Amino acid sequence: MNKPVLSVGLVGPLPPPYGGMANQTRQLTNLLQQEGVQVVLVQVNAPYHFAWVGKIRGIRALFRLIPYLLRLWRVAGQVQLFHIMANSGWAWHLFAVPAIWIARFRSTPVVVNYRGGEAEVFFKKSFRWIRPSLNRTDAIIVPSGFLEAVFSRYGYTAGIVPNIIDLSRFQTRSSAYKADRADSPHIVVTRNLEAIYDNATAIRAFYIIKQSIPAARLTVAGEGPEKAMLKTLVADLCLQDSVSFTGRISNDAIATLYQDADLMINASLVDNMPISILEALASGVPVVSTDAGGIPYLVEHYKTALLVPMKDPGAMADAMLQILKNPELADSLRNSGLDLLERYTWNSVKLRLFGIYQQVLKHERH
């Protein structure tokens with residue numbers, strides 16, 4: 001396809017911290033630029049001009065918000081459209097809403113890229129405040145059929161533009177290498193240590209695994225407010241010698257961690273389309289996950305992953321043992337997972353995204 005001549009104001013967060021939306025914003029910036037698009041980034045989590053400001057809760061929001069609004073105003077007058085990376089809760093009100101209305105005042109078309117796994121709860125609670133801003137958008141895009149269905153229930157059409165996985169970042173090890181460690185598997189969790197990801201259930205499931213496979217080990221890669229509680233749980237279960245917490249690690253370190261993993265587990269209670277699952281699949285690592293939110297739209301039970309109910313460590317442990325004790329099942333999940341990834345590569349995703357851009361700009365000209 002011909003590379004479009006286009007200028008886009010991309011509104012969203014950047015790492016650090018490393019997280020799904022921040023990583024996708026940075027990746028999308030680079031990929032659009034490679035296609036010849038002029039990208040002007042409006043970073044919602046830009047560093048404070050004075051570092052000390054970040055330590056003062058009440059004041060720091062003001063010091064970030066005012067420069068953010070001024071940059072939105074300037075950029076909206078420079079670009080052909082805004083692409084806003086949006087989330088639920090206060091992130092919607094503080095970052096997405098100002099971007100939508102400033103773009104409207106400056107007659108700049110708006111594409112809202114809504115990504116919040118908590119959309120259903122957020123909409124139910126606050127939709128009368130959300131609706132006016134949604135009505136000022138020119139297009140809504142979401143990464144999954146799960147969020148498409150949520151918007152449909154509230155009367156809005158959303159196009160699906162999936163998350164992007166950069167396969168060049170990941171490599172797979174042979175199944176023979178995995179088989180060599182059948183008695184000492186390395187299991188990983190790569191979610192932030194927040195309540196919605198229920199890492200406690202993952203640790204309890206691992207405790208059950210240890211009864212069958214004493215040499216198993218678990219690495220928890222992430223940071224968050226539940227860290228102290230989770231470390232206490234590990235101590236209570238006498239797992240200190242088998243569970244390690246890495247803290248927050250970079251994207252490159254995540255790829256390296258998957259290289260040394262035999263199984264990835266995800267116990268989340270709320271989710272949309274977790275890029276961590278795609279990254280595990282891209283590394284040839286089988287996945288056991290809860291069936292929360294949009295995850296069943298992303299992977300299929302017994303085909304590309306094993307799915308279990310939420311808050312059920314016994315069910316999660318049973319699924320983990322099925323994979324760890326059955327090399328044929330592990331290989332089948334591994335191969336099907338790799339096949340799945342083609343739809344999430346940039347070559348596939350960009351066709352949908354540029355189609356949305358073209359529709360919005362065509363409508364604007366008319």
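The values are calculated or read from the model by the stated rules, or taken from the named source; none is laboratory data. What you see is a predicted model; the values in this text were computed from it and never measured. Don't worry about glycine lacking a Cβ; one is built from the backbone with ideal geometry, like all the others, and counts go over all protein chains shown.
The number of residues in region 250-296 that are under 19 Å from Glu194 (Cα atoms) and touching a Ser or Thr at 6+ places or on another chain (Cβ under 9 Å) comes to 19. Close contacts from region 31-55, counting a first residue that is hydroxyl-bearing (Ser, Thr, Tyr) and a second that is modelled with pLDDT under 95, with Cβ to Cβ under 8 Å and a gap of 6+ residues or different chains, come to Tyr48/Gly54; Tyr48/Arg60; Tyr48/Phe63; Tyr48/Arg64.
For every residue, the table says whether it meets (1) within 18 Å of the chain's Cα centre (by Cα); (2) aliphatic (A, V, I, L, M).
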| site | (1), (2) |
| --- | --- |
| Gly89 | yes, no |
| Ala103 | no, yes |
| Ser107 | no, no |
| Val111 | no, yes |
| Tyr114 | yes, no |
| Gly117 | yes, no |
| Phe127 | no, no |
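With respect to the conditions (1) closer than 25 Å to Arg26 by Cβ; (2) not in a loop (DSSP other than H, G, I, E, B), Leu233 falls short on a single one, namely (1). In region 103-121, the qualifying residues are those that are in a helix (DSSP H, G or I) and modelled with pLDDT under 95, and the one that is surrounded by the most Cβ atoms within 10 Å (Cβ to Cβ) is Ala119. Only one of the numbered conditions (1) surrounded by 18 or more Cβ atoms within 10 Å (Cβ to Cβ); (2) in the same structural domain as Pro327 (by TED's automatic domain parsing); (3) within 20 Å of the chain's Cα centre (by Cα) is violated by Ala195, and that is (1).
Each row is one residue, and each column tells you yes or no for (1) within 30 Å of Lys231 (Cβ to Cβ); (2) in the same structural domain as Asn135 (by TED's automatic domain parsing); (3) not in a helix (DSSP H, G or I).
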| position | (1), (2), (3) |
| --- | --- |
| Glu148 | no, yes, no |
| Phe151 | no, yes, no |
| Ala182 | yes, no, yes |
| Ile187 | yes, no, yes |
| Ala200 | yes, no, no |
| Ala205 | yes, no, no |
| Ile208 | yes, no, no |
| Ala215 | yes, no, yes |
| Leu218 | yes, no, yes |
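In region 314-332, the residues that are among the polar types (S, T, N, Q) reach residues that are surrounded by fewer than 22 Cβ atoms within 10 Å (Cβ to Cβ) and at pLDDT 95 or above with C-beta atoms within less than 7 angstrom, at least six apart or across chains, in these pairs: Gln322/Leu329. Looking at region 168-175, is at least one residue of a type outside the set (Lys, Arg) and within 21 Å of Gln358 (Cα to Cα)? So far as region 168-175 goes, no, none of its residues is of a type outside the set (Lys, Arg) and within 21 Å of Gln358 (Cα to Cα).
Here Lys303 fulfils each of the conditions (1) surrounded by fewer than 24 Cβ atoms within 10 Å (Cβ to Cβ); (2) part of a helix (DSSP H, G or I) apart from (2). Can you find even one residue in region 228-236 that is out of contact with any helix residue (DSSP H, G or I) (no Cβ under 6 Å at 6 or more places or on another chain), touching a residue at least 40 places away in the same chain (Cβ under 8 Å) and in the same structural domain as Met310 (by TED's automatic domain parsing)? For region 228-236, residues out of contact with any helix residue (DSSP H, G or I) (no Cβ under 6 Å at 6 or more places or on another chain), touching a residue at least 40 places away in the same chain (Cβ under 8 Å) and in the same structural domain as Met310 (by TED's automatic domain parsing): absent.
Tyr297 falls short on exactly one of the conditions (1) out of contact with any helix residue (DSSP H, G or I) (no Cβ under 6 Å at 6 or more places or on another chain); (2) under 30 Å from Thr137 (Cα atoms), and that condition is (1).
Please work out if Ile100 is in a helix (DSSP H, G or I), in contact with a Lys or Arg (Cβ under 9 Å, 6 or more places away or on another chain), at pLDDT 95 or above and in the same structural domain as Val39 (by TED's automatic domain parsing). Yes; evaluated as a whole, the condition is true for this residue.
Checking each residue in region 356-366 for being in a helix (DSSP H, G or I) and either free of Cβ contacts under 8 Å to residues at least 24 places away in the same chain or among the hydrophobic types (A, V, I, L, M, F, W, C) (or both) picks out Ile356, Val360, Leu361, Lys362, Arg365. Just one of the listed residues (Ser212, Ser184) is in contact (Cβ under 8 Å) with a residue 60 or more places away in the chain, surrounded by fewer than 15 Cβ atoms within 10 Å (Cβ to Cβ) and farther than 25 Å from Ala22 by Cβ, namely Ser212. Taking region 239-298 and the helices (runs of 4 or more DSSP H) fully enclosed by it, the elements with 1 or more residues that are in contact with a Lys or Arg (Cβ under 7 Å, 6 or more places away or on another chain) are at 251-259, 275-282. The residue that is surrounded by the fewest Cβ atoms within 10 Å (Cβ to Cβ), counting only those in region 220-277 that are closer than 23 Å to Ala22 by Cα and of a type in the set (Ser, Thr, Tyr), is Ser250. Just to be sure, is Thr137 modelled with pLDDT of 90 or more, surrounded by 13 or more Cβ atoms within 10 Å (Cβ to Cβ), not in a helix (DSSP H, G or I) and not acidic (Asp, Glu)? Here the answer is yes, as Thr137 does meet what is asked.
Any residue at all in region 47-58 that's out of contact with any Asp or Glu (no Cβ under 7 Å at 6 or more places or on another chain) and modelled with pLDDT of 70 or more?
Residues of region 47-58 out of contact with any Asp or Glu (no Cβ under 7 Å at 6 or more places or on another chain): 47-58.
Now drop any that are not modelled with pLDDT of 70 or more, which leaves 47.
Yes; the residues of region 47-58 include at least one that is out of contact with any Asp or Glu (no Cβ under 7 Å at 6 or more places or on another chain) and modelled with pLDDT of 70 or more.
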